[in-house]
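First the structure, in the form of structure tokens, and then the observations on it.
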Amino acid sequence: MGGHISTELRINDRIRVPEVRLVGPNGETVGIVPTDQALKLATEADLDLVEVAPMARPPVCKLMDYGKFKYENAQKAREARRNQTNVIIKEMKLRPKIDQHDYETKKGHVVRFLKAGDKVKITIMFRGREQHRPELGFRLLQRLAEDVEDLGFVESNPKQDGRNMVMVLGPHKKKSEAKAEVKAAKESAAEARAAEQAEERAERTATQPSGQKKAKRANEALDPDIDL
């Protein structure tokens, strides 16, 4: 049985080889030195001796702040995960003799998927004698691709798959771009709603009867702590 292989770098006293090829803290080459001497240099510089290329002969070690190195690597990995987007493939199924209303509905879903940055697998399902008319499915797929060409492109050309014909559409925009656009649209809508509400409040204040305004100002002058 194979044991767990550690990906942790060996540092300082865990480096047991007699000599190492030493690299300085700024990337400068020091040369091949005894390991105990390299450890002494690390101690004097208040740094760690880190084995960065264990398979080299002799192993390559670098003088560095290992704690800072691990922290920066963790930050980079976290940022990479944050920016990573999972590719999602949606599927839409159509019949070769679909009516116009159903076609428009299905196309609407495809448009929504592509706008969200998702790929779409379009499947034409043949039944009975329709299996002998593959050109019906091919023309339908061509029509759909042309109808959404502003949002997506044919990533996988139509091909027969048993009783079905399949085509894959890819979005022009990346998932991350689509998400950013949706977020910007939501923020813009929220700002518009806030401005509209402020305008409505201003209009209500402007159209308030003058008698009420005078009474309110008089009450406020008598007792500014009264909230009317």
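The values are calculated or read from the model by the stated rules, or taken from the named source; none is laboratory data. Just so it is clear, the structure is predicted and the values come from calculations on it, not from any experiment. Don't worry about glycine lacking a Cβ; one is built from the backbone with ideal geometry, like all the others, and counts go over all protein chains shown. Each accessible area value is taken on the protein alone, full model and side chains, heavy atoms only, with ligands, DNA and RNA left out. Shrake-Rupley method; radii C 1.70, N 1.55, O 1.52, S 1.80 Å.
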Please verify whether region 171-189 includes one or more residues that are within 17 Å of Leu94 (Cβ to Cβ) and either surrounded by 12 or more Cβ atoms within 10 Å (Cβ to Cβ) or modelled with pLDDT of 90 or more (or both). no
Candidates Glu135, Glu130 - the one that is of a type outside the set (A, V, I, L, M) and either assigned to a strand (DSSP E or B) or open to solvent by 50 Å² or more (accessible area, probe 1.4 Å) (or both): Glu135
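Let's see how each residue does on (1) under 30 Å from Gly117 (Cα atoms); (2) part of a loop (DSSP other than H, G, I, E, B); (3) open to solvent by 80 Å² or more (accessible area, probe 1.4 Å):
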| site | (1), (2), (3) |
| --- | --- |
| Gly27 | no, yes, no |
| Val33 | no, no, no |
| Thr43 | no, no, yes |
| Lys62 | no, no, no |
| Lys68 | no, no, yes |
| Arg78 | yes, no, yes |
| Arg81 | yes, no, yes |
If Lys106 satisfies all but one of (1) open to solvent by less than 40 Å² (accessible area, probe 1.4 Å); (2) touching a Leu at 6+ places or on another chain (Cβ under 6 Å), what's the number of the condition it fails? (1)
Which condition from (1) in a strand (DSSP E or B); (2) within 27 Å of Lys183 (Cα to Cα) is the one that Thr123 breaks? (2)
Suppose we filter region 136-175 for residues that are at positive phi and in contact (Cβ under 8 Å) with a residue 40 or more places away in the chain; how many remain? 0
